[in-house]
Amino acid sequence: MAVLVRLAGDVDLAEEAVQEAFAVAAERWPRDGTPPSPAGWLITTARNKLIDRNRREAGRAGRQAEALLLYAPGEAAEEGAVPDDRLRLIFTCCHPALGESARIALTLRLLGGLTTGEIARAFLVSEATVAQRVVRAKAKIKHAGIPYRVPSDADLPGRLGSVLAVIYLIFNEGYLSGSGDPVRDDLCAEAIRLGRLLAGLMPDEPEVLGLLALMLLIHSRRAARVTAGGSLVLLADQDRSLWDRDLIAEGQELVRRCLRRDRPGPYQIQAAINAVHSDAPTDWRQVVRLYDRHLALAPTPVVALHRAVAVAEVDGPSAALGLLDGLDLDGHHLFHAVRADLLRRLGRSVEAVAAYENALARTENPAEREVLRRRLAELRSPET
Amino acid sequence: MKNYLLSMYQPEGPAPGPEVMDGIMAEVGRLRGELREAGSWVFGDGLHDQATATVLRASGNEVVMTDGPFAEGKEHIGGIVVIRAADLDVALEWGRRYALATTLPVEVRPFAREDDG
């Protein structure tokens, strides 16, 4: 797909040509047998479809495009060019001139190969909405001249940040659903696939490796995190035998590679924190130290909130509660949930109940609501 | 090559005094020189205050004239630049520099027709 977008210079034309090539394959392969290089065959066939189309077009632009296509290298060289084309396509799909929802839809559609229906179900919006986002984004790429190009070194850090954010948003959309809905679980797998793809294409970017490690380590706990009934299990209560040891080993090895590079960034540090959590028992002092570094790189109230959770394990809930004062997170359910938990541990039940209620009022996620309700019920019946 | 319109949006009210404007104009003049040198300059200039605008609306064969800008708003176009650029990234880089030079929000928008020259 990425090769053809470059050749066609237009996402719609490339998609059409690929669909035509698949149609020819569906007819021929069962009859004549699968060709030795199916991907190469499809690219060549789709390219021929593009040439046919351009021959039908009389205009000068059409002839120029035809010259470009005929000039394109042969099949073997072309498969070698695939990685570069994919990288260009990632940067185009995640271009900051496109809105966030458009970047996500376009990335899943063109790089993930998800249908608009699948994307719509994953993000709980209508198929028409997704289709419209994709059409608008493609039109903007074409008409505004968003290039198929890996950004220059000067622009790379910012532009790569946008790509990583899109992949992590896709992952979180799957992870935070917590409902066990299979389509959303697929989103985590899709984000990891994209993370692996990017890590293969940019193996020297530590934040790329950091994001992949972070997703692998979080995903390794998937089976232990949600019960058969769909309730969330907190990290401390999880059955560690359900954790995926292979994913943990892969994630931890990536974290070690990042440490050797010594160019830390927010994704690498979050991955390192998750790597510490993957060893039993959790070394909370090390987690606090990592959050100190995270806070230095990304001084946001949300990071400070997470740091306070780790501080509670090292210095006790009272010290952590003091850290929450002055954090501007009143709209954030997690802020109230953490506060409630610390108050509960300090035996300040009345304040804890109020804080749990504040948290409940600020989240719609059914699994998270269930955890909060359970805590509330425990507080209100002190005999348990 | 494509042509892009860079529109600079200016808040309502009087322009800043010469102590600010002189620096901005010098910076904008430098940018114009760089655009000319790069062969990317097409046209550009600042506009008089929106109170100097007149709007014409056709109604059948009649045309009605009204004093003032098309849309009353807190912000209006204070100046435009038309540039030629290979792609949006190049146009956005010029736009970024105009935003820094003028301190105004800049809208970058492609013209419909490709520029072959």
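The values are calculated or read from the model by the stated rules, or taken from the named source; none is laboratory data. Here the structure is a predicted model, which is why all the values come from computation and not from measurement. Methodologically, a virtual Cβ is constructed for each residue, glycine included, from the backbone with ideal geometry; neighbour enumeration extends over all protein chains shown. Just so you know, the surface numbers come from the protein's heavy atoms only, side chains and all, with ligands and any DNA or RNA stripped out. Shrake-Rupley method; radii C 1.70, N 1.55, O 1.52, S 1.80 Å.
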Kindly report, to the nearest 10 Å², the accessible surface of A:LYS140 as traced by a 1.4 Å probe over protein heavy atoms only. 80 Å²
With the other protein chains left in place, how much accessible area per residue, in square angstrom, belongs to the protein assembly as shown at a 1.4 angstrom probe? 52 Å²
Apply the a/c threshold of 1.5 to the C-alpha gyration tensor of the range A:222-268 and tell me whether it is rounded, prolate or oblate. prolate
How much of the accessible area of the range A:103-155, probe 1.4 Å, is carbon plus sulfur, in whole percent? 52 percent
Output the 0 to 90 degree angle, nearest 10, between the alpha-carbon long axis of helix A:38-56 and the longest principal axis computed from the alpha carbons of chain A. 60 degrees
Tell me, which residues of the range B:67-107 get at least 10 Å² less accessible area when the other protein chains come in, versus the chain alone (1.4 Å probe)? B:ASP87, B:LEU88, B:ASP89, B:LEU92
GluC sites (Glu not before Pro) in the range A:284-384 lying in a DSSP loop, each with at most 11 other Cβ atoms within 10 Å of its Cβ, come to A:GLU364, A:GLU383
Filter on A:LYS140/B:LYS74; B:LYS2/B:LYS74; A:LYS138/B:LYS74; A:LYS49/A:LYS138 - keep pairs with C-alpha separation over 25 Å: A:LYS140/B:LYS74; B:LYS2/B:LYS74; A:LYS138/B:LYS74
Leaving out ligands, DNA and RNA, what percent of the accessible area of the range A:172-304 is carbon and sulfur, probe 1.4 Å? 53 percent
Quick one: how many Å² of A:HIS143 are accessible to a 1.4 Å probe, rounded to 10? 100 Å²
Order the following by accessible area, largest value first: A:LEU247, A:LEU305. Probe radius 1.4 Å; ligands, DNA and RNA are ignored. A:LEU247, A:LEU305
Everything considered on the Cα gyration tensor (a ≥ b ≥ c; rounded for a/c under 1.5, else prolate if a/b is larger than b/c, else oblate), the protein assembly as shown must be described as oblate
Between chains B and A, what is the buried accessible area summed over both chains (1.4 Å probe, protein heavy atoms, nearest 100 Å²)? 700 Å²
Just to verify a number: what accessible area does A:LEU242 come out at with the full protein assembly present, 1.4 Å probe, Å² rounded to tens? 80 Å²
Kindly tabulate the residues in the range B:1-38 with an accessible-area decrease of at least 20 Å² between the chain alone and the assembly of all protein chains, using a probe of 1.4 Å. B:LYS2
Three-way shape label, the range B:2-114, alpha-carbon gyration tensor, a/c 1.5: oblate
Please identify every one of the GluC sites (Glu not before Pro) in the range B:60-102 that sits in a loop by DSSP and has no more than 14 other beta carbons within 10 Å of its own beta carbon. B:GLU72
B:HIS48, A:HIS219, A:HIS336, reordered so the largest accessible area comes first (probe 1.4 Å): B:HIS48, A:HIS219, A:HIS336
Reduction of at least 20 Å² in accessible surface, 1.4 Å probe, comparing all protein chains with the chain by itself, residues of the range A:111-149: A:HIS143, A:ALA144, A:GLY145, A:PRO147, A:ARG149
At 1.4 Å probe size, with the rest of the protein present, what percent of the exposed accessible area of the range B:2-114 is carbon and sulfur atoms? 57 percent
